[in-house]
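Remarks on the structure that follows.
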Amino acid sequence: MSDYNYESYCGMYCGACSIMKAYQTGVKDPFAEFWSQSGAELKCRGCKSDMVFAGCAEFGGCATCNIRTCAREKGVDRCLTCPEFPCALYSNSEVSQMIAEMLPHMTTIAINMQTIHSLGIDAFLEEQEAQWKCPDCSTGYAWYTTHCSNCGKDLGDRKPYKNAFDKSIFQQLTPPNPDEPTK
Ligand SMILES: [Zn+2]
């Protein structure tokens, strides 16, 4: 389907996104499942498309991403070609370390940027398409898929980060509820 776009501004590969995969195939990995249970509509055609994941009432999705907003305002193709790269949005703050630890798919951004820088975007997209397919049956899989949805192959070793999604990050990112009585 040509109306999907797997490129992003930051270097994330949208083709492996839990949300987009769920939208395309109906198969939800644990990350997509979490969003679905939070009331989010699992709907996206990619970071650079006009149908971008909106998140839910509590947590914003990619539509509210600072990096995406910045790149679109500046009119740059991707952060790598921005004269201000690397800017403060990439700073190694405590928050971004926590995000990297608990949402490890975010760590692919740095790896991907290097690949895009050295090989170019077309070679990168080809490489990613191959990376995110089951080696046995070629079924696509997402960031936190543990086993191939078609043949059951264990995909844990295929990813450059730990396989599990730790949803406690969302509890840590939520401000305390003012209506809840303090103990
Ligand atoms: Zn398979």
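Bear in mind that the values in this text are calculations on the coordinates, not laboratory data. For clarity, every value in this text was computed on a predicted model and none was experimentally measured. Please note: Cβ atoms are built from the backbone with ideal geometry, for glycine as well, and neighbour counts cover all protein chains shown.
Points worth noting:
- Computed about its Cα centre, the charge dipole of the chain is approximately 80 debye, with only Lys, Arg, Asp and Glu carrying charge at their Cβ.
- Listed residue pairs exceeding 21 Å between alpha carbons, taken from LYS21/LYS133; LYS21/LYS167; LYS133/LYS167; LYS21/LYS74; LYS21/LYS153: LYS133/LYS167; LYS21/LYS74
- Cβ-to-Cβ counts within 10 Å put THR145, THR108, THR69 in ascending order as THR69, THR108, THR145, the fewest first.
- Dividing the mean sequence gap of close Cα pairs (under 8 Å, 6+ apart) by how many residues the stretch 14-173 holds gives a relative contact order of 22 percent.
- Whole-number D in µm²/s for the chain (Stokes-Einstein; Kirkwood sum over Cα pairs; 37 °C, 0.692 mPa s): 189 µm²/s
- Each of the peptides 38-44, 83-89 was scored by the mean count of other Cβ atoms within 10 Å over its residues; in descending order, highest first, they stand as 38-44, 83-89.
- Taking amide H as placed 1.01 Å from N in the peptide plane, GLY140 has its amide H under 5 Å from the amide H of CYS134, each at least 5 places away in sequence or on another chain.
- The ranking of ILE111, ILE19, ILE67 from fewest to most other beta carbons within 10 Å of each one's beta carbon is ILE111, ILE67, ILE19.
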